1. Taking 0.36 nm per residue of sequence separation and subtracting the Cα-Cα distance, how much length would be gained by fully extending the chain between K191 and H112, in nm to one decimal?
2. If you find the alpha carbon centre of region 150-207 and of region 111-135, how far apart are they in angstrom?
3. Springs between alpha-carbon atoms under 10 Å, Gaussian network over the chain: tell me which of F229, F93, F272 tops the mean-square fluctuations.
4. Using alpha carbons only, how many angstrom separate the centre of region 1-24 from the centre of region 273-300?
5. Calculate for the chain the 222 nm mean residue ellipticity that helices alone would give, adding -39,500 (n - 2.57) per DSSP H run of length 4 or more and normalising by residue count, nearest 500 deg cm²/dmol.
6. Which whole-Hz couplings ³J(HN,Hα) result when phi for each residue of region 75-89 is put into the Karplus expression 6.51 cos²θ - 1.76 cosθ + 1.60, θ = phi - 60°, listed in order with x for Gly and Pro?
7. Using amide H atoms built in the peptide plane, which far-off residues or other-chain residues are under 5 Å from Y74 H to H?
8. Taking the Cα atoms only, what angle lies between the long axis of helix 264-275 and the longest principal axis of the chain, rounded to 10 degrees?
Amino acid sequence: MSVSVLRTADAWYAVTPSGAARIDTTATTTAQLLADRPALAAAVASPRTVAVASLRLVSPVTVPCRVVAQMTNYASHAADAGLNPATVPLTFFRKASGSISGPYDDVVRPAHVRLLDYEVEIGLVIGRELPVGTPVTPENWTDHVAGLVVANDVSARDVQLPKTQFYESKSYPTFTPVGPALVLLDADELKRLTDLRLRLRVDGELRQDMTAADMIYRPAEALAALSRFQRLDPGDLVLTGTPVGTALSAPPRPVRMIASLLPTATRWKLFFRGQERNPRYLRNGAVVQAGIATDDGAIDLGTQRTVVRHAR
């Protein structure tokens, strides 16, 4: 049975039918909280609660931690980028954990960034250490995942694209809003991951709406690939990709063919000139709401609400 864990600046809470019960724990990190199962169980059974709305929530994933992300992992997103989903390889990039922020914190656009994009993603929170060489299979991957979170992989496209620089373009402070809850799930619930629907709205307009069944590589495959070279520990975060609907979209094929004949500098200049006219990029004051849940409501990771602010 799922348990939603919330975090404030000074405490952890478990969501119960009557509200949020404070967890009596000395844990200061997500890893420590996951290890303190007796305290968590006691909180779930506690009659003493406060209203969830009264809590000022921060990210339930604490830092420092590893943040590993899958690249182009939804068939709809791959096709929108002009790629053949059947030939997209399983690849990863890293984000700085300093990019993690709370589910209601402002997203701050650095002054030099012009093209700020959004990507709602399911985040896997590791619950058991995964040393390099650990065999991961479709049957046992759930042993290593404690639960799931909503994440937004905010991206500075004008930094990412010309330099193919994923690390910088996705690692500025506030570029990974996480939460509101860390939803702890059992193995059977985790196996419903592909039933989860990812939705993202900007100023009320629905931009992304797709279930995780659209994934090209599912968690078992991703964790198996990572375990060949990357150790993961409790509290680490693995982002699993985003569906179609981001601001960035590939130009039509004829335009791409013509552009390929131009010098690189000219091509990028024309591309960014066109992108700056794209109204889907995040502007100052834009309200971004990202939520993930199954259509039947049995699993609900919650909805985050962030406002874009331009750095001064």
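1. The K191-H112 span can extend by a further 24.3 nm.
2. Spelled out, the Cα-based centre of one part sits 8 Å from the other.
3. F229
4. Taking the Cα centre of each part, region 1-24 and region 273-300 sit 27 Å apart.
5. -5000 deg cm²/dmol
6. Residue by residue, region 75-89 yields 4, 5, 6, 4, 4, 5, 8, x, 10, 8, x, 5, 10, 6, x Hz.
7. Correct list: I216, T242.
8. Result, in degrees: 60.
Values in this text are rule-based calculations from the coordinates and carry no lab data. In this text, all values refer to a predicted model and were calculated from it rather than measured experimentally. Glycine gets a Cβ as well: all are built from the backbone with ideal geometry, and neighbour counts include every protein chain shown.
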